[in-house]
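Since the structure comes first, as structure tokens, the remarks are kept for the end.
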């Protein structure tokens, strides 16, 4: 039967690195992109005799994440050891949380195809990152050896486990995007999938529509972008359907997504049931939080995307479309709010951000946080426009220059001589010149074809190199032509 | 009665990443049986309403500030490394051969 | 002047009076080490040159009046305590060349105090044993009878002090590894309250039980060293945030009216009659000082050893997992893939007793057995702790034998793991409950072997424990030192 006749059941396990300055259990820096093994110490290298000491900021961030995901914060939680051997795991156990995670329950809400979805969160727990293996071959299977870099090892992570509430690969992607947005809004993770600070494993199963018993699931790993999450799940759903249609069984296994070939493959591993032998970490003591501490974080939690969306509509009068687009990205929303501190017409700001601003951001592939244009300068540019100093056309030129150099608009206008011509005599002079050099269109106009006026205004603008005030150009041209009638 | 058989010893040794010779497996099975026999005395103890003790002392919320401290020098990082290449720890292929 | 006969505090006094220099003391001990090491085998690494340099530094500190209570007094260190760029092996093949790039917190304290480190001492591999017979460097000998074990696992440290190769030594105690060898070699050994001394830099055996503690010739020396070791450490999350106590201060106080508990369970079965009589004499001595002797019961004691061996091995199975041949230590040549390399590295690197405990601990934590073994042991631990809580409502300290028998012969127990485990029968309860305990000499058997008497105190009542020991020491008098003809 076709895929449409199956219910797809998806649950995601998401790992997000917390934006602390130091690792979860030692003072090594968490900064990204340093020389291999330059940010390790006896503790995160798992040297014999070393002991962990918990980073208080990681606890705060995990609680914040839980609050942003509507979770219940556990007033008592503890750490456990998850035991397994792997070259990237220096102690051969990962310090994680097993039976008493820091956050329980919660939900993530979003709209997909106009329908509101509520995805349940099972738990959020705190744990440490493993190191990073660089493989000698194209893939881990082809590699004769691997190289271990432990800089990442020990960076604090939260694992967010969702209920199997997702019903399509597209939903899964949107859930993940929403989750990223929430964590970024909460200020706990930068959630960069390309740098690996946000990662996701997916569980997927199929059952015939109307059935209540879930089918056998497979787990998919190694999806490195939002798009690949959707693609991998689409592939896997189809694969399940085909197998089920043929009456074959789904094997419960872990599969890896190959981005290049667009398929999932079973991970080759010898038959060994995982037995992580979790037990309470004796080197760490329990975390006991007070309601006061939790409430304080709750009260100071940054505004979440949904709240912001509604506020943009009611407070700034933005259309739903604009509010949605701008709040979909925290950096964009932050930028927007900075600009409107200095310039009150929110719609003008929104239009500009959604238009020229995003065009250049996408074209030059820069991060919004790295855009050189200061929000205050953008506001100044709008003011120059309002005062008629520059035209909207010139504004685009000015903005591009601001984008490339970070200079303020007034300076650019001055340096480049982009001030709008508002001097009547100067515009009159140009109008005269245009009438003189365009006898045919002038004649057409005079014979009643008033549409030609647009062309003639264009000529005036062209001759002024865009600097003539368009209203004045229009008005003066009309007056001069009418005199010829 | 045998409390632990050789197969279980093999499975557990595998979990613990310990290669055992046949002789070691036999010896281990024998001595573990003796030890586990001794451990059976715990089964007689009623602990239904007893909470486990993880720490002998009562401490909570031991935390540090999120402040960067000095990492090790590269020399000390690799001081004991069995195999190093280009600033990395080198390990044999990760995916097991059949 | 025979320096090596003197106690640490006597030497410290001589240093203050400038009658001797730290260099002279260190030289005297190095000479003694050279003379008796071939017989005793206490040390696995000697750091002679560094010790002499440190002695000169100590002499300068004394001259500059920046010295503290143990400045200039040399010390021997158990080889599971990390020493910066000095081999720290746990007497195991798997890290036989390991050079720590950092110092354990206790080592930092010792260095800051200006105590020259003579070397690293022998121990059972990864502290798993009660005789030093599992050391890859061969066993240490009991200086009282070279055919007998010095006890373990800190047997090298105990033998060094008993053989007058060092006035002081550090050990670690997970289930009796300081007290048992102290008893068998006729010296003083303390296992402090869990959390009193930082574990940072102690290569873990069982994290929730391990404590570092001192060995000394007498109670005062041990108290002085404990004073130096104790204190909060921000690098150890289980370190207690307490004000510093000077344990010397309380020594010599009248023990009249002190309530001394005698737990019946420790005098029941299988105890050597000479051990029993010596310990009973100690109890009598305390009574003569005016202490009140109260018979009490610790009903769950009989379960302690069973619980101990599950908790300790479970934690050890995880603590010792990091020895995988990737970042440090031995790596097998069987390296067709990482899993094979791990398995052979660990098979080649660990000795049989360590392997046995790793497998027992892994099994106790594994799916399907966790509740019956590991969890059960943690619950039993609660009952044992409650026994002590109850007892200490009635008494101030408890007194027991340290071991059921004096030093046994080499080969006597090492073929039978369970028999060896039974050597810890009187010592593990203190580790499970986290309370302080110590052993001091109670006398000698007719064969001339030392017998140890053990004192337990409530958590953080080291001062009362030490004062009791001090009184007892006065009553018993010195048992002297082994002849050890050289």
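Scanning the range A:294-330 for residues that are in contact (Cβ under 8 Å) with a residue 24 or more places away in the chain and over 16 Å from residue A:347 (Cα atoms) gives A:294, A:297, A:298, A:301, A:302, A:303, A:304, A:305, A:306, A:328, A:329, A:330. Residue count for the range B:1-24, restricted to those that are free of Cβ contacts under 8 Å to residues at least 24 places away in the same chain, farther than 19 Å from residue C:318 by Cα and at the interface with another protein chain (Cβ under 10 Å from one of its Cβ atoms): 2. For the range C:369-401, a residue qualifies if it is more than 11 Å from chain B (Cβ to nearest Cβ), touching a residue at least 40 places away in the same chain (Cβ under 8 Å) and over 11 Å from residue C:458 (Cβ atoms), and the qualifying residues are C:387, C:394, C:399, C:400, C:401.
Residue A:72 is checked against (1) farther than 16 Å from residue B:60 by Cα; (2) over 32 Å from the mean Cα position of the chain (by Cα); (3) surrounded by fewer than 19 Cβ atoms within 10 Å (Cβ to Cβ) and fails just one. What number does that condition carry? Every condition holds for residue A:72 apart from (2). Considering only the range B:55-79, how many residues are buried (at least 19 other Cβ atoms within 10 Å of the Cβ), within 7 Å of chain C (Cβ to nearest Cβ) and either more than 28 Å from residue C:197 (Cβ to Cβ) or within 24 Å of the chain's Cα centre (by Cα) (or both)? Qualifying residue count, the range B:55-79: 2. Among the residues examined, residue C:214 qualifies as within 24 Å of residue C:149 (Cβ to Cβ) and either buried (at least 24 other Cβ atoms within 10 Å of the Cβ) or over 16 Å from the mean Cα position of the chain (by Cα) (or both). Only residues that are under 23 Å from residue A:66 (Cβ atoms), under 19 Å from the mean Cα position of the chain (by Cα) and modelled with pLDDT of 90 or more were counted in the range A:310-330, giving 1. Restricting the range C:335-368 to residues that are surrounded by fewer than 19 Cβ atoms within 10 Å (Cβ to Cβ) and more than 8 Å from chain B (Cβ to nearest Cβ) leaves a set whose member that is farthest from residue C:430 (Cα to Cα) is C:348.
Among the residues of the range A:140-172, those that are surrounded by fewer than 24 Cβ atoms within 10 Å (Cβ to Cβ) and either in contact with a helix residue (DSSP H, G or I) (Cβ under 7 Å, 6 or more places away or on another chain) or in a helix (DSSP H, G or I) (or both) comprise A:169, A:170, A:171. Of all residue pairs spaced 6 or more apart or on separate chains, those with beta-carbon atoms under 9 Å, a first member in the range A:422-447 that is over 19 Å from residue A:391 (Cβ atoms) and a second member that is assigned to a loop (DSSP other than H, G, I, E, B) are A:441/A:449; A:444/A:451; A:445/A:451; A:446/A:485.
Looking at the range A:379-477, the helices (runs of 4 or more DSSP H) lying wholly inside it that each contain 1 or more residues that are modelled with pLDDT of 85 or more and in the same structural domain as residue A:344 (by TED's automatic domain parsing) sit at A:392-405, A:409-415.
Pick out the one residue from C:297, C:332, C:318 that is more than 8 Å from every other protein chain (Cβ to nearest Cβ) and in contact with a strand residue (DSSP E or B) (Cβ under 8 Å, 6 or more places away or on another chain). I'd like the intermediate steps shown before the answer.
Values: C:332 fails: in contact with a strand residue (DSSP E or B) (Cβ under 8 Å, 6 or more places away or on another chain); C:318 fails: more than 8 Å from every other protein chain (Cβ to nearest Cβ).
One residue alone meets the criteria, C:297.
Got a sec? Which of C:111, C:39, C:57 is surrounded by fewer than 24 Cβ atoms within 10 Å (Cβ to Cβ), part of a helix (DSSP H, G or I), on the phi < 0 side of the Ramachandran plot and touching a helix residue (DSSP H, G or I) at 6+ places or on another chain (Cβ under 8 Å)? Selected residue: C:111, the only one of C:111, C:39, C:57 that is surrounded by fewer than 24 Cβ atoms within 10 Å (Cβ to Cβ), part of a helix (DSSP H, G or I), on the phi < 0 side of the Ramachandran plot and touching a helix residue (DSSP H, G or I) at 6+ places or on another chain (Cβ under 8 Å). Determine, yes or no, whether residue C:228 is modelled with pLDDT of 95 or more, within 20 Å of residue A:50 (Cβ to Cβ) and not in a loop (DSSP other than H, G, I, E, B). It is false that residue C:228 is modelled with pLDDT of 95 or more, within 20 Å of residue A:50 (Cβ to Cβ) and not in a loop (DSSP other than H, G, I, E, B).
Inside the range C:450-476, residues that are closer than 28 Å to residue C:409 by Cβ and surrounded by fewer than 24 Cβ atoms within 10 Å (Cβ to Cβ) make up a count of 1.
Out of everything in the range A:53-63 that is outside any strand (DSSP E or B) and either free of Cβ contacts under 8 Å to residues at least 40 places away in the same chain or surrounded by fewer than 24 Cβ atoms within 10 Å (Cβ to Cβ) (or both), what residue ends up being farthest from the other protein chains (Cβ to nearest Cβ)? Even if it seems obvious, please write down each step before you answer.
We begin by selecting, within the range A:53-63, every residue outside any strand (DSSP E or B); these are A:53, A:56-63.
Imposing the further condition that a residue be either free of Cβ contacts under 8 Å to residues at least 40 places away in the same chain or surrounded by fewer than 24 Cβ atoms within 10 Å (Cβ to Cβ) (or both) reduces the set to A:53, A:56-57, A:59-60.
Working: A:53: 5, A:56: 4, A:57: 4, A:59: 7, A:60: 9 Å.
Restricting to residues being outside any strand (DSSP E or B) and either free of Cβ contacts under 8 Å to residues at least 40 places away in the same chain or surrounded by fewer than 24 Cβ atoms within 10 Å (Cβ to Cβ) (or both), the top hit is A:60.
Kindly provide the set of residues from the range C:228-248 that are farther than 27 Å from residue A:43 by Cα and either buried (at least 18 other Cβ atoms within 10 Å of the Cβ) or touching a residue at least 40 places away in the same chain (Cβ under 8 Å) (or both), ordered by number. Lay out the reasoning, then the answer.
Going residue by residue through the range C:228-248, those that are farther than 27 Å from residue A:43 by Cα are C:245-248.
Result: C:245, C:247, C:248.
Which one is surrounded by the most Cβ atoms within 10 Å (Cβ to Cβ), of the residues in the range A:78-116 that are assigned to a strand (DSSP E or B) and out of contact with any helix residue (DSSP H, G or I) (no Cβ under 9 Å at 6 or more places or on another chain)? Step through it out loud before you land on a result.
Let us first name the residues in the range A:78-116 that are assigned to a strand (DSSP E or B), namely A:80-83, A:93-96, A:103-104, A:107-112, A:115-116.
Within this subset, residues satisfying the condition of being out of contact with any helix residue (DSSP H, G or I) (no Cβ under 9 Å at 6 or more places or on another chain) are A:80, A:82, A:94-96, A:107, A:115-116.
Details: A:80: 23, A:82: 21, A:94: 19, A:95: 20, A:96: 19, A:107: 15, A:115: 8, A:116: 8.
This residue is A:80.
Checking each residue in the range C:435-448 for being over 15 Å from the mean Cα position of the chain (by Cα) and surrounded by 23 or more Cβ atoms within 10 Å (Cβ to Cβ) picks out only C:442.
If you go through the range A:22-43 one residue at a time, how many are farther than 19 Å from residue A:196 by Cα and either out of contact with any strand residue (DSSP E or B) (no Cβ under 8 Å at 6 or more places or on another chain) or crowded, with 24+ Cβ neighbours inside 10 Å (or both)? It would help to see each step written out before you state the result.
From the range A:22-43, those farther than 19 Å from residue A:196 by Cα are A:25-27, A:41-43; that's our starting set.
Those left that are additionally either out of contact with any strand residue (DSSP E or B) (no Cβ under 8 Å at 6 or more places or on another chain) or crowded, with 24+ Cβ neighbours inside 10 Å (or both): A:25-26, A:41-43.
Going through the range A:22-43 one residue at a time, the tally reaches 5.
The values are calculated or read from the model by the stated rules, or taken from the named source; none is laboratory data. The model shown is predicted, which means the values in this text are computed figures rather than measured ones. Cβ: placed from backbone, ideal geometry, glycine included. Neighbour counts: every protein chain shown.
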